[in-house]
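Just so it is clear, none of the values below were taken in a lab; they were calculated from the coordinates. Every value quoted in this text rests on a predicted model; they were computed, and no experiment measured them. Don't worry about glycine lacking a Cβ; one is built from the backbone with ideal geometry, like all the others, and counts go over all protein chains shown.
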Amino acid sequence: MIVLAHGLSGRSDLPIPDWLFGWAAALVLAVSFFAFAALWQQPKLETARATARLRIPVLLGPLCGGTGVLLFAGLVYAGFAGTQVESLNVLPSFLYVFVWSALPLICALLGDVFRAFNPWAAVGRFSRWVQRRVLRRRPEAFFDYPERLGCWPAVVFPLMFGYLELISPHGRDPSVLAALMLAYAAVQLAGMSLFGVDRWLERGDAFGVYFAFFAKLAPLTVVGCRLATRLPLSGLTDVTWVHGTVFFVCAAIGVTAFDGAAEGGLWQSIAEPLASVGSDLGMSVVTSGRVVETLGLIAMVLLIAGFYRLGVEGMVSSHIDKPARELSRIFAPSLVPIMLAYVIAHYFSFIAFQGQALWPLLSDPLGDGSDLFGTAGAGVDYGWLSSAEIWYAQVAALVLGHAAGLAVAHDKALAVWGKAGDAVRSQLWMLVVMVGFTNLGLWLLSQANQ
Amino acid sequence: MSTQTRIGMALAGIVILIAAAALINGIAGDDDQPQQGNGATAATAATGASGATEPTGQPKSRRVDPGPLLEPGSVTTVKADKGETVRFRVRSGEVDELHVHGYDRTVELPAGETVKVKFKATLDGVFEIELHHTGEQIGELRVTP
């Protein structure tokens, strides 16, 4: 048996029971029909504008950036100098629990927090400022960013992170993580100096691109140097979709989905015979297991991308007067709420329980017995949420994500076609895609740790 | 979309919900009997996944089953309902320490001896049972609400 467990989590989820699965699936269908009946007749999200509220102090930006750089340096130091026991070093928990699992949710509520603290972006902006103000010369990119590349440099990343998190045996080794952080930051600095700071951050900084998607859902944003409020979801209308952006979203959904599927019985029953084929070919059991998991991860990403593409092809087949690529980009924003829903459904209990472990870890980041903030002795309370409460939160995330996705697609269709028949026909296909994704998410929950 | 279509769609949504309620109640109704059975199988599992043949599986039977035996080399599932007493046995070839995650229970294991473990299942969820020194997972505790 292939044991895939979050080495960091003390408590894992029970699969959602059949009755809840049934209710949730029915609720999804009912929500869909209500959506068609009750949604607005004029585009709302497309026309919504952010309202500037508060002036942000000029110094706040550099201050946050500096904090980000210090935090980054501290984490890398902890990774190298601290204990190599994954659960006693602050780095693995901070990275997987806070950054990877909780930050998407935080960005979706509060706006692009990551952008404010992004350490490599802070270094890039600082060096630009030095060139302009101190050296009195105009910072120029060495090359124009080749637009043909779109955001493909960033797309590789979800797959690599997925491999690191779910498959690699070293994915939680503090020193390995610290080395990878340095490598990633080095690539970002090189990219920014070659292609210009802002252009590279938009195209090649996978972390930045990833969190920016969630921030588009948020009711808060920054306009100029003012904090602004806006209609939730309306930020999705100003995402620029270039080559690879749609695939980036599908890859992110696919990685989370694979994490869920890998715990389930179906995947185990597929993986075991495949792995034994691998060992018959002369690979060691461990290697063939890893090869099979990597293939599974890629297959899941392709499945998600393929299913979305199928919906788009469906629209083309019902004589909607747009090319497939354009349709794919028009409706891609509706995948972003689904992406968030998958993250919450999958990592909710991980955040709720393992998030508590961050307090003692921050007090004793190296695992050497120090107690910086007096919280080193704090334990994890595994009892504050019952399984039933976790189930309801997971299902609620998926159903709400589904409703939000439909609303975004609906608004987009109205903006593009008005009330014409094309809008309704495109909507029917999007409905198929959304119901598919939501039910896949529910099914994954029903398979958890089975 | 015309108003009529909209009303139709809304009605379709309501019909789906009602149908689902009826269907799920039906399933739940079917489930009711096995559910007691379920409790019984879970209890049996708690008291003996290693093929114990206790027919009743009532928690308060006179002879208490010591539960499944956990050994290095395999991952054994220990099942229990919340509130029940979990019982299992552990044997390790070398001196080690047993650790039940979540419950944060540790038990000293002398080399080659079978040690009985029992505690009340107060938390639901899935928890790892591992040997501290080797770090090997030898069991999984599943507590259903």
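Data overview
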quantity	calculated
Within-14-Å neighbourhood charge of residue A:138 [Cβ basis; K, R +1; D, E -1]	+4
At R0 = 51 Å, FRET efficiency that the Cβ-Cβ distance of residue A:381 and residue A:148 yields, to 0.05	0.45
Most mobile listed residue (A:298, A:320, A:270) in chain A, GNM with C-alpha springs under 10 Å	A:270
Anisotropy class of segment A:78-235 from Cα gyration tensor, a/c 1.5 cut	oblate
Cα-centred dipole magnitude for the protein assembly as shown, charges only on beta-carbon of K, R (+1) and D, E (-1), debye, nearest 20	2540 debye
Net charge contributed by nearby residues that have their C-beta within less than 11 Å of residue B:66 (K/R +1, D/E -1)	+4
Point-to-point label distance, residue B:115-residue A:19, nm (Cα→Cβ direction, 7 Å offset)	4.0 nm
Top positive-direction residue, dipole computed over segment A:18-447 with Cβ charges, set A:47, A:26, A:413	A:47
Helix-only [θ]222 nm of the protein assembly as shown, DSSP H runs n ≥ 4, -39500 (n - 2.57) each, per residue, nearest 500	-18500 deg cm²/dmol
Cα gyration tensor shape for the protein assembly as shown, rounded if a/c is under 1.5, else prolate or oblate	oblate
Pair residue B:85, residue A:160: separation of 7 Å Cα→Cβ label points (nm)	5.5 nm
Rough spin-label spacing in nm, given labels placed 7 Å along Cα→Cβ, for residue A:54 and residue B:3	4.6 nm
Among A:94, A:206, B:123 the positive-end extreme of the charge dipole of the protein assembly as shown (Cβ point charges)	A:206
Environment charge at residue A:412 (Cβ cut-off 13 Å; Lys +1, Arg +1, Asp -1, Glu -1)	-2
Dipole of chain A, positive end: most advanced residue of A:253, A:190, A:177 [Cβ charges, Cα centre]	A:190
Cα-centred dipole magnitude for segment A:161-301, charges only on beta-carbon of K, R (+1) and D, E (-1), debye, nearest 20	540 debye
Overall form of segment A:203-289 per C-alpha gyration tensor (a/c, 1.5; a/b vs b/c)	prolate
Longest DSSP-loop-exposure-free segment, trypsin sites (Lys or Arg not before Pro), chain A, at most 16 other Cβ within 10 Å	A:138-418
